[in-house]
Amino acid sequence: MSKPVLQIEKLSKSYELGKRTVPALSNLDLTVNAGEFVAIMGPSGSGKTTLLNVIGCIDKPTSGRVLLDGIDVATLAENQLYKIRRDKMGFVFQTFNLLPYLNARENVELPMEGRIKSKSDRKKKASDLLAMVGLSGRESHRPQRLSAGEQQRVAIARALANDPAYILADEPTGNLDSENKQGIIKLLANLNLTQGTTIIMVTHDTQAARNTERMLLLKDGKIVKEVQGLHANKKNQKCPYCNNNIQSTDEKCPTCKKSIYATEELF
Ligand code: ADP
Ligand code: MG
């Protein structure tokens with residue numbers, strides 16, 4: 001059994017909005033093991049981004065505990081949290097968040113500063129990462145000269161700059177058309193499979209979520225259901241209903257004919 005990299009115990013988070021308290025997460029428990037590919041799904045406002053921000057040590061819980069590699073993050077000082085974010089986590093956002101005045105390679109190099117001393121080593125590593133996400137030849141393009149799908153690939157290369165143990169992705173396919181969406185999911189799935197990177201991906205898109213291994217459904221700040229997914233890049237997977245062989249692209253199980261992950265069945 002692989003070991004837990006993330007343990008969340010009785011996590012609650014609320015925001016103070018003037019005199020009102022807005023609950024975002026309530027009494028949530030979650031364990032994620034090393035090497036898992038997890039989707040956090042749920043309607044808008046269900047607490048997905050809040051959960052990801054708490055996992056990413058960007059936001060603090062109101063109550064409850066978050067353990068990363070067994071360490072309670074509440075016991076860490078701000079500079080230690082910064083180092084964990086920089087060295088262990090790669091972030092991917094819906095809006096890519098690339099710096100417009102830097103080219104693709106420079107965007108990827110940026111998080112390496114302070115960690116990799118030699119400029120030429122940073123350059124080489126950024127080029128290798130861009131090649132890995134399928135962007136050789138696009139290195140000197142600024143974001144505005146790249147398509148949305150290409151910009152998200154640069155953002156994923158940037159997230160990998162410091163060889164993170166986890167990738168935290170908030171709606172990474174939210175601004176992409178269906179073809180690019182599929183490409184990004186395949187890329188993440190491939191990273192998970194070949195490098196063993198743990199991936200926690202927030203999405204409200206069933207198509208994106210079904211290609212992970214584990215879907216958690218969030219409603220009103222609680223995990224209300226957990227469903228097995230079909231990893232985009234794994235072979236020999238089984239139907240979650242009848243356990244016969246199935247392809248990750250199958251809409252219906254070829255054996256039991258049940259439809260796989262229709263939105264209305266999930267929620
Ligand atoms: P999701 O990502 O699933 O759409 P969020 O985590 O962004 O949901 O939001 C969960 C709830 O918390 C919502 O009711 C939202 O309005 C509220 N919320 C989120 N961030 C803030 C904030 N900074 N201040 C006040 N309320 C917030
Ligand atoms: Mg959100």
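Using R0 = 22 Å, the C-beta based FRET efficiency linking VAL227 and ILE71 works out to 0.15.
Restricting the calculation to alpha carbons of the chain gives Rg and Dmax of 18.9, 57 angstrom. Build a GNM of the chain with springs between Cα atoms under 10 Å apart, and of GLY229, GLY137, GLY45 the one that fluctuates most is GLY137. The simple spin-label model puts a point 7 Å past each Cα toward its Cβ; for ARG115 and LYS238 those points are separated by 3.8 nm. Calculated [222 nm] ellipticity per residue, helices only, for the chain: -8500 deg cm²/dmol; basis is -39500 (n - 2.57) per DSSP H run with n ≥ 4, divided by all residues, nearest 500. Binning the C-alpha pair distances of the stretch 106-245 at 5 Å intervals from 0 yields a P(r) profile of 2, 9, 18, 19, 18, 14, 9, 6, 3, 1, 0 %, listed from the shortest bin outward.
Pairs LYS10/LYS48; LYS10/LYS219; LYS222/LYS257; LYS186/LYS238; LYS10/LYS238: which are spaced more than 23 Å apart, C-alpha to C-alpha? Working shown, then result.
On the way: LYS10/LYS48 16 Å; LYS10/LYS219 16 Å; LYS222/LYS257 31 Å; LYS186/LYS238 19 Å; LYS10/LYS238 32 Å.
The answer is LYS222/LYS257; LYS10/LYS238.
Of the beta bridges in the stretch 144-267, as assigned by DSSP with both residues counted there, near 65 percent are antiparallel. For the chain, the relative contact order works out to 23 percent when only alpha carbon pairs closer than 8 Å and six or more residues apart are counted. Computed over Cα pairs, the Kirkwood radius of the stretch 1-94 leads via Stokes-Einstein (1.306 mPa s, 10 °C) to a diffusion coefficient of 112 µm² per second. At full extension, ARG142 and ASN190 could sit 14.7 nm farther apart than now, given 0.36 nm per residue minus the alpha carbon distance.
Bear in mind these aren't lab numbers, they're just calculated from the coordinates by the rules spelled out. The model shown is predicted, which means the values in this text are computed figures rather than measured ones. With ideal geometry, Cβ positions are generated from the backbone for all residues, glycine too; neighbour counts draw on all protein chains shown.
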